[in-house]
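Data first, discussion second: the structure below is written as structure tokens.
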Amino acid sequence: MEENTGRKKSGFAAGLLTGIVIMAVISILGFGGWYIVNRNSSGSYTSENVTEGDVSKKLDQLNQLIDKYYLYQDEVDQDALVEGIYSGYAAALGDPYTVYYNKDETKALMESTSGTFSGVGATLTRDADTKAVTIVNVYQDSPAEKAGLKAGDILEKVDDHEVGDEELDTIVSWIKGEKGTEVTLYVLRDGKEETLTATRDTIEAQTVEYEMKDGGIGYIRVSEFDLVTYDQFKAALDDLEDQGMAGLVIDLRNNPGGNLDVVCNMLKLLLPEGTIVSTKDKNGKTDEITCDGTNEFKKPLAVLVNQYSASASEIFSGAIQDYGTGKIVGVTTYGKGVVQQLLDLGDGTCFKVTIAEYYTPSGRSINKKGVEPDIEVEYQYDEADPKKDNQLDKALETVSEELK
């Protein structure tokens, strides 16, 4: 997930940061479905023209030249050089979704996809113009709330670290930490400086937000498909039903994807009997995930998407569109129609590799194409009313018209 850099550019409130933890595109966008397995096979990196000895000799040559000529040799991180070999090897495949993760990256990846983390439980964003880092949401009963942090607070300092122009992921790393440890946040509130101390705890990411709109139309926004998302989505759906929901809008804009099983289980709460998604691997083997139709949603439904709705979001919107369960509103989605597998390398690192292409229930491949909306609406920023959302307005209007 990309951090939000201001409503003027993205048109949305802040992207969810885990505790406060950033969900970077490199960690999430490549997921249509992911699994963790042990690597038991062996292979060779040789070719007709290059042997293992040639590779070893070339690396020795490079090391000798670095030792002899490199200006900043005292600053060389030998471990980073080795990790760079692995990363470069994966990157040379030319597949943006096949990635090697070192130990720190693997830990962050597992944390981000689980939806639980150790932090304070808040959401922040950076303004595109002023560069100010602002708290936009504080989780209920979170360490942040208990410490007195409030939406609208401007973050100026974390412990001894000045926020300044630092990247959001760096600021996030300062706030993260071991459960039970403390972090001091210095914020500006209504022109006055406040010093707040929060005790880090295990937080469940709030990947689902919902409310009842006018006319009995439910609204559910899903920011990503993590392991915690299904329960949050079902709870939202059940609560809206209890409130007498007449129709529903599901907002998947800026949702980069996530866990395949999670999105399919969510679709089982909406679709009729049939295939949810199918996959085909390098050997032509096809697998299907199906729905029994017992929870088919028969009320008016619209699904909001944009150019950043990717992977699992496209599985979701593609299935809804194929069955005619609802209307897709917005602009054509990202176009990421391949599945990755996470391979545990046994030393705290992992390898994410593309293993299959997926197809919507009708057999469509959306890879590099995306899901085209039934009702196309480009987002338009309104200077006079920054909170106005013309895409959401159109989705609500679409559902409302079906209710007449």
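Bear in mind that the values in this text are calculations on the coordinates, not laboratory data. Nothing here was measured: the structure is a model prediction, and the numbers come from that model. In this analysis, Cβ positions are derived from the backbone assuming ideal geometry, glycine residues included, and neighbour counts consider all displayed protein chains.
Please list 3J(HN,Hα) in residue order for the range 216-225, calculated via the Karplus relation 6.51 cos²θ - 1.76 cosθ + 1.60 where θ = phi - 60°; whole Hz, with x for glycine and proline.
x, 9, x, 10, 10, 10, 10, 7, 5, 10
Cα gyration tensor of the range 331-404, axes a ≥ b ≥ c as square roots of the eigenvalues: rounded (a/c below 1.5), prolate (a/b > b/c) or oblate?
In terms of gyration-tensor shape, prolate.
Sort 173-182, 49-58, 124-133, 202-211 by packing, meaning the average of other beta carbons within 10 Å per residue, with the highest value first.
Highest-to-lowest ranking by the protection proxy: 202-211, 124-133, 173-182, 49-58.
Which one, Asp287, Asp159, Asp214, has the greatest fluctuation when you compute a Gaussian network model over the chain with C-alpha springs under 10 angstrom?
Asp214
Strictly over 19 Å apart at the Cα level, which of Lys57/Lys103; Lys299/Lys394; Lys280/Lys336; Lys234/Lys268; Lys234/Lys298; Lys299/Lys404 would you flag in this model?
Listed pairs above 19 Å: Lys57/Lys103.
Do you know the relative contact order of the chain, to the nearest whole percent, from alpha carbon pairs under 8 angstrom that are 6+ apart?
Across the chain, relative contact order equals 18 percent.
Take every Cα pair under 8 Å in the range 135-283 that's 6+ residues apart, average their separations, divide by the length, and report that relative contact order as a whole percent.
Dividing the mean separation by the residue count of the range 135-283 yields 16 percent.
Add +1 for every Lys or Arg and -1 for every Asp or Glu among the other residues with Cβ under 10 Å from the Cβ of Leu269, and state the total.
0
Name the residue, out of Val263, Val183, Val303, whose mean-square fluctuation peaks in a Gaussian network model built on the chain with Cα pairs under 10 Å.
Among Val263, Val183, Val303, the largest GNM mean-square fluctuation belongs to Val183.
Given the chain reduced to its alpha-carbon atoms as identical point scatterers, what log10 I(q)/I(0) does the Debye formula return at q = 0.07, 0.09 Å⁻¹?
Treating every Cα as an identical point scatterer, log10 I(q)/I(0) equals -0.38, -0.62.
Cut-off 10 angstrom, C-alpha nodes, Gaussian network model of the chain. Which of Val120, Val228, Val82 fluctuates the most?
Val82
Decide, for the range 232-352, between rounded, prolate and oblate: order the square roots of the alpha carbon gyration tensor eigenvalues as a ≥ b ≥ c, take rounded if a/c falls under 1.5, and otherwise choose prolate if a/b is larger than b/c, else oblate.
prolate
Could you check what % of the DSSP bridge pairs in the chain are antiparallel, to the nearest 5?
75
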